[in-house]
1. Of all GluC sites (Glu not before Pro) in region A:51-130, which ones are in loop regions per DSSP and have a Cβ with at most 14 other Cβ atoms within 10 Å?
2. What is the fewest-to-most order of A:MET70, B:MET116 by other Cβ atoms lying within 10 Å of their Cβ?
3. For a footprinting-style exposure proxy, rank A:ASP120, B:ASP209 by other Cβ within 10 Å, fewest first.
4. Taking the dipole about the Cα centre of chain B, with the C-beta of Lys and Arg at +1 and of Asp and Glu at -1, give me whichever of B:GLY232, B:PRO159, B:LEU183 is farthest to the positive side.
5. Direction-averaged shadow area of the convex hull around the Cα atoms of region B:103-242, nm²?
6. What's the exposure ranking of B:ASP301, A:ASP89, going from fewest to most Cβ atoms within 10 Å?
7. Any idea what the relative contact order of region A:12-129 is, in percent, if you count C-alpha pairs under 8 Å spaced at least 6 apart?
8. At 7 Å along Cα-to-Cβ for each site, give me the label-to-label distance between B:GLN293 and B:ALA38 in nm.
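Readers should treat all values here as calculations from the given coordinates under stated rules, not as data from a laboratory. Owing to the predicted nature of the structure, the values given are computational and were not obtained by experimental measurement. So basically every Cβ, Gly included, is an ideal-geometry build from the backbone, and we count neighbours across all protein chains shown.
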Amino acid sequence: MARKTPKPMVQAETLAYWQAADEGRLLVKRCTACGEFHHYPRDICPHCLSDATEWVDAAGTGTVYACSTMGQGHGEGESAYTLAYVTLDEGPTMLTNLVGGDPSQYLIGQRVRVVFTPTDGHAVPMFTPA
Amino acid sequence: MSLNGKAAIVGAYEHPTRNAEKLSVLRLHADVARGALADAGLTRDDIDSYFCAGDAPGLGTATVAEYLGLKLRHVDSTECGGSAPILHVAHAAAAIAAGRCNVALITLAGRPRAAMAEAQARAAAAGPGKDGRPAKPALALRPPDPDCPELAFELPYGPATQNLYAMVAQRHMHEFGTTSEQLAWIKVAASHHAQHNPNAMLRKVVTVDDVVNSPMVSSPLHRLDCCVMSDGGGALIVARPEIARSLKRPVVMVRGTGEAPKHGMGGRIDLTWSAAAWSGPRAFEEAGITPAQIQYASLYDSFTITVLMQLEDLGFCKKGEGGRFVMDGGLISGVGRLPFNTDGGGLCNNHPANRGGVTKVIEAVRQLRGEAHPAVQVRDCTWALANGIGGALASRHTAGTLILERV
């Protein structure tokens, strides 16, 4: 049995991110004051504290920074899953899962592209080998 | 203001239990408070300040103070997970130096094992779930805080503690060529020490092969790379130096303190260093000594990789050389260059309430007093360090560094 992805706890500050995910789009926040991207997304830029942040469509591609596969899952019958940090081509590194393919073949530096996994709530962005 | 010489640790006590089926959380806090008072030779009414973290229930300082009947003029409930008691020692020293109090009590206690067993019993009594399979107890004992904005971007992906630390280990291996066998040496050293501790959960001496052949929990970490889950706790009493000198115990002086949080930095993730790279240098500067002068180190050992990161970030070896530093018994008392966690640490002895900070300070105090087990006692131990990592190394955590001298 595949691991069931919990639905994200949505706040007003990040509702747009999750609505875009439902449409198959990955958004990333950019600050128009300092020009820097950040993740997780927030109203206030963590790099310069400006409130002039905007949503940008991410390319949806990135590189694996680190990953780990939990072999036994959390309970009976649940299959392994892979937690990862993926560095987006825009710059920020985000926590995610790697899905598709053989987990033993996932590597640091591997190119990946975003895919969206449905939940009981909004869809959740994950990454698969490009 | 420098805290060097402003306060001393006069009492230290570790609860002997590792499974508190019949003891409440408050009873555990009370047990360790009584133990530390007896160790110091002080009485309850000598305490004028109290420090606790998130393991204390209810209103924390007020809830515990009520149970113990404390009359206080200073409280501090700094919460940063497992490193909190190490920060509490520094904050107590600062409060004493500022004239706000004279005798500070710090407690940490909990019963995650007993609570898990109770949750499993409740799940079993409830019968099978809708899918006909046995109901599973909730692993998290408290629901996630909906006001934590980061959780929406983490919880869907299943960040168990093990896989977060595993990513740190994987990245360290990638950048520096560190091996699973080198990480295993950290567990081997802890087990060599734990064999002499009658209270330790795991007293069997293990080999590098035992560690790397234990089941893979989350690649590349094996089961024996992980700390134990245990009930229990510990307490410390910090006092003004004049009071310390009036007691019948060796004086363990606070010489250096440092604290720092590290977090996701807006997505600029770098898993190759921890917040100890900030807290450590501050503590050494305050103490006026170098890492080479430390004779014993208590290092937070939630996982083997946690120890490796602290060794490098505190300056015991260069970044990337931790693997070679720990090999061939480098951390075994009487064998290696830096005896560590001579009580067996979190890897073998105790990780009460899933928080190891207080036991780190307690074993450092034992070493400085010459009260560690004779088989692991560092000869003429004058300088010791205790370091904590609270939270998760791969996401957000707070490091606390404490340097102590026997005077």
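1. Values: sites: A:GLU54, A:GLU76, A:GLU78, A:GLU90; in loops: A:GLU76, A:GLU78, A:GLU90.
Hits after loop and neighbour filter: A:GLU76.
2. Values: A:MET70 24, B:MET116 16.
The most exposed by this proxy come first: B:MET116, A:MET70.
3. Values: A:ASP120 8, B:ASP209 11.
Ranked by crowding around the Cβ, least crowded first: A:ASP120, B:ASP209.
4. Value computed over the given set: B:GLY232.
5. On the way: hull surface 57.7 nm².
Over all viewing directions, region B:103-242 projects a mean Cα-hull area of 14.4 nm².
6. Numbers: B:ASP301 32, A:ASP89 12.
Ascending number of Cβ neighbours within 10 Å: A:ASP89, B:ASP301.
7. Values: 251 pairs, mean separation 27.5, N = 118.
Relative CO of region A:12-129 lands at 23 percent.
8. Rounded to a tenth, the inter-label distance reads 3.7 nm.
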